[in-house]
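Throughout, read-outs are computed from the coordinates displayed, never taken from laboratory work. Because the structure is predicted, anything quoted here is derived from the model rather than measured. For neighbour counting, all protein chains shown are included, and Cβ atoms are generated from backbone atoms with ideal geometry for every residue, glycine included.
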Amino acid sequence: MQAVVLAGGLATRMRPRTLTLPKSMLEVAGRPFIDWQLEALARSGFARVTLCIGHLGEQLRERVGDGTAFGLAVDYSEDGPTLLGTAGALRRALHLLEPTFLVTYGDSYLPFDYSAPLRDLDQHPEALGTMSVFENRGRWDASNTRVEGERVVSYEKGATSPDVTFIDYGAVALRREVVSALPEGAALGLDGVQADLARRGRLRALVARERFFEIGSEAGLAELDRKLRTP
């Protein structure tokens, strides 16, 4: 199984620290965040991880190397001089992608089995993706996903309808053909890709039961730090 970690952003909300560190290298519970994330992927059975890097990405290369220290085979795709957005970074990494793969964000820590969306997608050939979702009801962030049964029927940032109670959990399994259909070199967001798959009825929902954690804000980083330090 392959996981792709989108770790190339500028992390402007975490400045000034991220002026000299990529967000994935911020310290959480005494270690760089990337360590915790790669270990979680390895525990879930992944053998290969592709890191999509950009801003200060050489620091991630130096820390992670070929992934041996984490029991993984790690390779890299670089955004280049122009940041391409989350989906644009995936398109740039097309030559490295397996027929199906998991995508997660470089600031997300998810206390669940990361392999579950991939297994679900493999069991449903009619689908183009399986998105992990959490019944958030506005608690941890703004809900953005409407789910009916086992299907994501709409995905919209900033949604205000009362029936939008789920949130994108931060890990989605995709087929390579979804990425190959994107225009090369364009700056694109993964949210738009997921919204399109939902409109087409080709995006499944896999419900996670425990809340997500993120280091995209100082408050989020502090929460995760407390969780990882608790025996």
* Within the chain: Cβ-based charge dipole about Cα centre, in debye rounded to nearest 20 (Lys, Arg +1; Asp, Glu -1) -> 260
* Normalise the Debye intensity by I(0) for region 95-150, one equal point scatterer per Cα, no solvent, then take log10 at q = 0.12, 0.19 Å⁻¹ and round to two decimals. => -0.36, -0.87
* Which one of GLU27, GLU62, GLU156 has the biggest mean-square fluctuation once the chain is modelled by GNM with Cα springs under 10 Å? -> GLU62
* Structure fact -> With Cα springs under 10 Å, the Gaussian network model of the chain assigns the largest mean-square fluctuation among GLU150, GLU135, GLU78 to GLU150
* Asked: Once you list every other residue whose beta carbon is under 11 Å from the beta carbon of ASN136, what net charge do they have if Lys and Arg are +1 and Asp and Glu are -1?
  -> 0
* **nm² value of the averaged projected area, convex hull over the Cα atoms of the chain** => 12.0
* Asked: How are the Cα pair distances of region 162-228 distributed, in percent, across 10 Å bins from 0?
  -> 15, 38, 31, 16, 0
* Once both labels are modelled 7 Å past Cα along the beta-carbon direction, what's the GLU126-GLU156 spacing in nm? -> 2.5
* To do: Among the GluC sites (Glu not before Pro) in region 182-231, which ones are in a DSSP loop with at most 12 other Cβ atoms within 10 Å of the Cβ? Mind listing them?
  => GLU184, GLU210
* Structure fact -> Semi-axes in Å, largest first, for region 67-172 (Cα gyration tensor, √(5λ)) are 26, 17, 15
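Restricting to DSSP H runs of at least four residues, report the calculated mean residue ellipticity at 222 nm for the chain, -39500 (n - 2.57) per run over all residues, nearest 500 deg cm²/dmol.
Working: 7 runs with 61 residues, N = 231.
Taking each H run of at least 4 residues, the total per residue is -7500 deg cm²/dmol.
Find out how many positive minus negative residues lie around VAL49, taking Lys and Arg as positive, Asp and Glu as negative, among other residues whose Cβ is under 14 Å from that of VAL49. Don't skip to the answer; put the middle values down first.
On the way: positive: ARG43, ARG48, ARG61, ARG63; negative: ASP35, GLU39, ASP66, ASP75, GLU98.
Net charge in that neighbourhood comes out at -1.
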